[in-house]
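The structure appears below as structure tokens.
The values are calculated or read from the model by the stated rules, or taken from the named source; none is laboratory data. Please read all numbers here as calculations on a predicted model, not as lab measurements. All Cβ positions, even for glycine, are placed from backbone atoms using ideal geometry, and neighbour counts span all protein chains on display.
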Amino acid sequence: MVNQIKQLVLKELKLEMRNKYALGGILLYVVSTVFVSYLSFKKIINPATWNALFWIILLFASINGVAKSFIGETRGRLLYYYTLTSPQAVIISKIIYNSILLIVISGLCLLVYGLFVGNIIQDLPLF
């Protein structure tokens, strides 16, 4: 089952590399939303507002990224995967892939948000 999960995660990564527009769309969303936030708050914003804006931007970017993973699969393709592998392997591989994707989106969002709005985080690992 571990080999099946590994192969399915690699398949998801290969599909993501073929469809670079999806990751580019998420990048465009994050950069444009952070830029609009920057233009709205030209002065230094308080930590509560900074935190709320960051998590709202991250939430919508994550929903965009994760939804495409499930919407792109047709019923026939899922049935084909279930004949090749166990359903548990398919679900676990999607969880692992989407966790990796969310970590990348979070890092990207934090980087862009820190560049435009500023970084007020005092303890980065805890955040």
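The set of residues in the range 85-97 that are surrounded by fewer than 17 Cβ atoms within 10 Å (Cβ to Cβ) and either β-branched (V, I, T) or closer than 22 Å to L23 by Cα (or both) comprises I91, I95, I96. The single condition among (1) more than 23 Å from P125 (Cβ to Cβ); (2) without any contact (Cβ under 8 Å) to a residue 60 or more places away in the chain that A61 does not meet is (1).
Of F35, F41, which residue is over 20 Å from the mean Cα position of the chain (by Cα) and either closer than 25 Å to Q122 by Cα or surrounded by 14 or more Cβ atoms within 10 Å (Cβ to Cβ) (or both)?
Checking each option against the conditions leaves just F41.
If you filter the range 103-115 down to residues that are closer than 17 Å to A61 by Cα and either in contact with an Asp or Glu (Cβ under 9 Å, 6 or more places away or on another chain) or surrounded by fewer than 16 Cβ atoms within 10 Å (Cβ to Cβ) (or both), you find that the one that is modelled with the lowest pLDDT is G114.
Scanning the range 103-127 for residues that are in a helix (DSSP H, G or I), small (G, A, S) and touching a helix residue (DSSP H, G or I) at 6+ places or on another chain (Cβ under 9 Å) returns a single hit, S106. Scanning the range 104-120 for residues that are on the phi < 0 side of the Ramachandran plot and either aromatic (F, W, Y) or over 17 Å from the mean Cα position of the chain (by Cα) (or both) gives Y113, G114, L115, F116, V117, N119, I120.
Between I63, I100, the distinction of being of a type in the set (V, I, T), assigned to a helix (DSSP H, G or I), modelled with pLDDT of 80 or more and surrounded by 11 or more Cβ atoms within 10 Å (Cβ to Cβ) belongs to I100 only.
The requirement of being in contact (Cβ under 8 Å) with a residue 60 or more places away in the chain, outside any loop (DSSP other than H, G, I, E, B) and either β-branched (V, I, T) or surrounded by 11 or more Cβ atoms within 10 Å (Cβ to Cβ) (or both) is not satisfied by L78. Residue count for the range 1-50, restricted to those that are within 29 Å of F70 (Cβ to Cβ) and either among the hydroxyl-bearing types (S, T, Y) or not in a helix (DSSP H, G or I) (or both): 7.
How about the range 1-31: which of its residues are surrounded by fewer than 11 Cβ atoms within 10 Å (Cβ to Cβ) and free of Cβ contacts under 8 Å to residues at least 12 places away in the same chain? Listed by number, the residues that qualify are V2, N3, K14, M17, R18, K20, Y21, G24.
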